[in-house]
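Each remark here refers to the structure printed beneath this line.
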Amino acid sequence: MTDKKANAMWGGRFSQSPAEIMQEINASVGFDKALAPQDIRASKAHAAMLADAGIINKADAEEILKGLDAIATQIADGSFEFSRALEDVHMNVESRLKDAIGTPAGRLHTARSRNDQVATDFRLWVRDAIDTFDAGLLALQRALIAKAAAHAGTVMPGFTHLQPAQPVTFGHHLLAYVEMFARDRGRFSDARKRLNESPLGSAALAGTSFPIDRHQTAEALGFDRPMANSLDGVSDRDFALETLSAATICAVHLSRLAEEIVIWMTPQFGFIRLSDKFTTGSSIMPQKRNPDAAELARAKVGRVAGAFQGLVMVMKGLPLAYSKDMQEDKEQTFDALASLRLAIAAMTGMAEDMEPNADVMRAAAGRGYSTATDLADWLVRELKLPFREAHHVTGSIVKVAEDQGLDLENLPLEAMQKVEPRITKAVFSVLSVENSVKSRVSYGGTAPQNVAKMAEAWSKRLEKDAKTG
Ligand code: ARG
């Protein structure tokens, strides 16, 4: 007995409707409706090409293009109703087109399959996402550079093992992240280059007997060229994996800055202030001011790295060509990349908002014998001690200072001379944190003059990037 509810797209072969649970596991429209704009873009390119190649007639193509535009409007204004019975976004759009324009709609699927269709749509979606990351990371870099330029000479402790190591400047610290986000942008841009080939026209897996022009559709969709192998075209998702891997590294960078903001915000550190715009209070403890935005930016890496790992697991061991497993590529990628976008935007807001407590940072920079290396370097320079010996002498002096409960700056000259009699009072010039940072003029070092120059160079470079885009 023929069941009227058999799927209209392949109803010829089927006599029953799918089980409820089959629909539930099979339908992807609940999430892949996010691909609707890309699906329509690709269908328009395909229809125009079919007409130009004489595969469908111009009048039908006109109808199809107009119909697709109308659907795009309905999707944009939210009036389009997606139906789960139609499985996915592709069949929802095509079925609505049929309702709207009738017979010509049935010609749109000539020489294509949902396999190349979804591969194309998803590529376009990921490419669009990459473009938003580039803009978002650029804004974040700008915010960090502006803050770094304003604080090129603001001294803070530099840490290793989260123990005071050597004084640095706040500007230098922020510019370290500008470098990281530049590499993230580079990784996204590399991924974009490899991604930018068109699967459209691979059809189900083997190509098609119709005289299609894959170069035309590739160009219309902003791809550099068509993919050269139809099996590869429909069956790889390495472009999503590569983007998620770049996204994971970027999220790791964000999480490190976020973690520092959390630490710097504690009363124990007290290095920075964030305004009410980026903090929350507690419902029970009236004194609280919590860095929730930083904590969430720190946590988002879980979703992003999870999506990368999840998709690796989906793709591992899949035989060529398309398998429905690949429908599991989208939901987590959408979620991960949306999370990353949000984390970048929140971090940009915090970078603009945070203000250092310069006095607190300065005082902390002087604690923990942070200029001990400067003392050792002085012994090498002035007394010609081998560095290893200077290191030893300095260690002994630090121990004396520690025993007396004094900073190096305040330790009497005589106490130092007991360890090394040739030390003169000239040594005090290198023991202040200001002089310490000022002396670090090596390329890439923390000297305020370096930092100011670097911030300036970065501003210029980003301006140039933006112009040449
Ligand atoms: N919704 C499907 C996906 O996301 C579209 C491709 C379906 N292809 C197929 N042969 N059933 O992967």
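Tabulated values for the structure
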read-out: Restricting the stretch 321-337 to residues that are within 16 Å of the ligand (Cβ to nearest atom) and of a type in the set (A, V, I, L, M), the residue that is farthest from Thr132 (Cα to Cα); value: Ala321
read-out: Number of the condition not met by Ala426 [criteria: (1) in a loop (DSSP other than H, G, I, E, B); (2) touching a helix residue (DSSP H, G or I) at 6+ places or on another chain (Cβ under 8 Å)]; value: (1)
read-out: Residue among Leu35, Leu97 that alone is more than 16 Å from the ligand (Cβ to nearest atom), touching a residue at least 12 places away in the same chain (Cβ under 8 Å) and crowded, with 20+ Cβ neighbours inside 10 Å; value: Leu97
read-out: Candidates Phe269, Phe239, filtered to the one that is aromatic (Phe, Trp, Tyr) and either crowded, with 22+ Cβ neighbours inside 10 Å or within 16 Å of the ligand (Cβ to nearest atom) (or both); value: Phe239
read-out: Test: residue in the stretch 290-308 that is part of a helix (DSSP H, G or I), open to solvent by 40 Å² or more (accessible area, probe 1.4 Å), in contact (Cβ under 8 Å) with a residue 60 or more places away in the chain and farther than 19 Å from Ala129 by Cα; value: no
read-out: Leu244 part of a loop (DSSP other than H, G, I, E, B) and either among the β-branched types (Val, Ile, Thr) or modelled with pLDDT of 95 or more (or both); value: no
read-out: Candidates Leu318, Leu340 - the one that is within 16 Å of the ligand (Cβ to nearest atom) and among the aliphatic types (A, V, I, L, M); value: Leu318
read-out: Within the stretch 61-77, tally of residues that are closer than 30 Å to Ile25 by Cβ and open to solvent by 10 Å² or more (accessible area, probe 1.4 Å); value: 4
read-out: Some residue of the stretch 148-160 being of a type in the set (S, T, N, Q), within 16 Å of the ligand (Cβ to nearest atom) and in contact with a strand residue (DSSP E or B) (Cβ under 7 Å, 6 or more places away or on another chain); value: no
read-out: Exclusive hit being modelled with pLDDT of 95 or more, part of a helix (DSSP H, G or I), among the β-branched types (Val, Ile, Thr) and within 14 Å of the ligand (Cβ to nearest atom), set Ile25, Ile64, Ile75; value: Ile25
read-out: Verdict on Asp403 being part of a helix (DSSP H, G or I) and open to solvent by 10 Å² or more (accessible area, probe 1.4 Å); value: yes
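One line per residue, one yes/no per condition, for (1) open to solvent by 10 Å² or more (accessible area, probe 1.4 Å); (2) away from the ligand (no atom under 16 Å from the Cβ); (3) within 19 Å of Ala47 (Cα to Cα); (4) out of contact with any Pro (no Cβ under 9 Å at 6 or more places or on another chain):
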{"site": "Ser79", "(1), (2), (3), (4)": "yes, yes, no, yes"}
{"site": "Pro104", "(1), (2), (3), (4)": "yes, yes, yes, yes"}
{"site": "His109", "(1), (2), (3), (4)": "yes, no, yes, yes"}
{"site": "Arg114", "(1), (2), (3), (4)": "yes, no, yes, yes"}
{"site": "Asp131", "(1), (2), (3), (4)": "yes, yes, no, yes"}
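The values are calculated or read from the model by the stated rules, or taken from the named source; none is laboratory data. Just so it is clear, the structure is predicted and the values come from calculations on it, not from any experiment. Here the Cβ is made from the backbone with ideal geometry for all residues, glycine too, and neighbour counts use every protein chain on show. Quick note on the areas: whole protein, heavy atoms, side chains included, nothing else; ligands and nucleic acids left out. Shrake-Rupley method; radii C 1.70, N 1.55, O 1.52, S 1.80 Å.
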